[in-house]
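Taking it in order: structure first as structure tokens, then the write-up.
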Amino acid sequence: MVKRKQILGILGACFAIGGGITWLFQQYLSSALLWAIAGIIILKLNKTRTRSKR
């Protein structure tokens, strides 16, 4: 079964690749938007939770 983090990682990679493809076709605003979404997903995945020692 695919975990939620894996799905978000794959989705973030798809947004980043889509941003690169739209950059090649000189659609700068849409590529910046796609890269921003990919960046938000990466930041969400990199959150670290502090565990209590109890």
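The values are calculated or read from the model by the stated rules, or taken from the named source; none is laboratory data. Quick caveat: nothing in here was measured; it's all calculated off a predicted structure. Neighbour counts are summed over all protein chains in view; Cβ atoms, including those assigned to glycine, are modelled from backbone coordinates with ideal geometry. Accessible surface is based on the protein model in full, side chains and every heavy atom, while ligands, DNA and RNA are left aside. Shrake-Rupley method; radii C 1.70, N 1.55, O 1.52, S 1.80 Å.
General observations
- Protein accessible area in the chain, 1.4 Å probe - carbon and sulfur %: 66 percent
- Extent along the principal axes, Cα only, for the chain: 54, 24, 10 Å, with the longest axis given first.
- Projected label distance in nm at LEU43 and PHE25, using a 7 Å step from Cα toward the beta-carbon: 2.8 nm
- Per residue accessible area of the chain, 1.4 Å probe, in Å²: 95 Å²
- ILE42 accessible area, 1.4 Å probe, all protein chains in place, Å² to nearest 10: 80 Å²
- Charge dipole of the chain about the Cα centre (unit charges at C-beta), most positive-ward option of LEU8, ALA36, ILE21: LEU8
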